[in-house]
Amino acid sequence: MSGESSPVLTVSDLRIRYDGRGGAAHAVNGVSFSLAAGEVLGLAGERGTGKTSLLRAVAGELPVRARAMPSGGLSFRDRDFAIARQDRLGAGVGRHLQGVFPDSDPGFRPWLTVGHQLVRVLRRRMKLPRSTAVDRVAETLGRVGIADPERVMKLFPGKVPAGDRSRLLLAKALMFQPSVLLLDTPDADGVALVKGLAAEGVAVILATEDLRSLAGIADRIVVLHAGRVVEQGAAAQILGRAEHPLVREMLAGGGGEGDAVLRAEPRNCPFAARCPEVFNRCRVEVPSLRYVAEGHAVSCWWDREQAAPYRDR
Ligand code: SF4
């Protein structure tokens, strides 16, 4: 998938803040990207670098204490969604955009069977006849790896085997046949479905801490640090010709806990404190994204091709 067809989803200048006693935490800071039908975008970054906040904002599932700043926007199939409610950025796109988050509450009532609840919500949102909805739920449960869908549909939520609970979350998203699927740190079952979904035209964003795991899955990759894009490009560019020191560290098996939650607009490179290549300019000026090849951009003052500080031309 080349990504050159018209985008199904465009995110512009997304900025998310969390207000707390210690002041605001700037979780996502001006992230923009677009996604075409059938494209897989890998969203990589260490823990705490804004991946989940970004996906939750797009899904319209930000927690109450989070705020999406009004500069940002979301366009779905050429329809712009104004940020009418700042904490529900993506809510306007309904069932077409589904997010799967590992810590989500599936919202099941304990006294009703899983099948009853899935069929009911599917019928309500897609206006399907009951038999069609039952068939689709069973088929989707099978697709996500649940061995005996009909049996699981008859279970109360508390009786569903632990190994099938995350599959239920995935099935609950997929049964709506979304155009865009957001997967936050999926397990092996979720990852295994990505290529097949993309082949069916579903646009997928797959967030992960393991940059190398995106090989063979992602078409393009965006790498975040401190809620900012530090490098983006085709998967082959990021995995094979990475420029940013953090991205190179992650590819070498390093990286882990994100080190920088911004409390204010940065005045220098947020990676400077741990960058092995830091030099004077990094400490006084914030690097912005610059293109090093078609479609491949990096946010760094070091010019790897010249093996010298970057010179603005
Ligand atoms: S701008 Fe400087 S500190 Fe930041 S990643 Fe590049 S070399 Fe390192």
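Every number in this text was worked out from the coordinates using simple rules, so none of it is lab data. Worth saying up front: this structure is predicted, and the values here are computed from it rather than measured. Neighbour counts run over all protein chains shown; Cβ positions are idealised from the backbone, glycine included.
Summary table below
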quantity	calculated
Sequence-distant lysines (8 or more away, or on other chains) whose Cα lies within less than 24 Å of K154	K127, K172
Whole-angstrom gap from the range 16-77 to the range 167-207, using each part's C-alpha centre	19 Å
For the range 103-178, size of Cβ-based charge dipole, Lys and Arg +1, Asp and Glu -1, in debye	360 debye
Crossing angle, helix 162-174 versus the chain [Cα axis fit, 0-90 degrees, rounded to tens]	80 degrees
GNM top mover of D219, D103, D13 - the chain, alpha-carbon springs below 10 Å	D103
Free-standing Cys residues across the chain, given no other cysteine C-beta under 4.7 angstrom	C275, C300
Relative contact order (%) - the range 103-178, alpha-carbon pairs under 8 angstrom, separation at least six	39 percent
Among T185, T113, T49, residue whose mean-square fluctuation peaks in a GNM of the chain (springs only between Cα atoms under 10 Å)	T113
Unit charges on C-beta of K, R, D, E only; dipole of the chain, Debye	1200 debye
Efficiency of FRET between S288 and R120 - r from beta-carbon atoms, R0 30 angstrom, step 0.05	0.05
Structure-based [θ]222 nm, the chain - -39500 (n - 2.57) summed over DSSP H runs of at least 4, per residue, nearest 500	-7500 deg cm²/dmol
The chain - Debye-derived log10 I(q)/I(0), Cα point model, q = 0.09, 0.10 Å⁻¹	-0.48, -0.59
Residue-by-residue Karplus 3J(HN,Hα) for the range 23-39, coefficients 6.51, -1.76, 1.60, Hz, glycine and proline x	x, 7, 9, 8, 7, 10, 10, x, 8, 9, 6, 9, 9, 9, 4, x, 9
Highest-first arrangement of 277-286, 65-74, where packing means the average Cβ count within 10 Å	65-74, 277-286
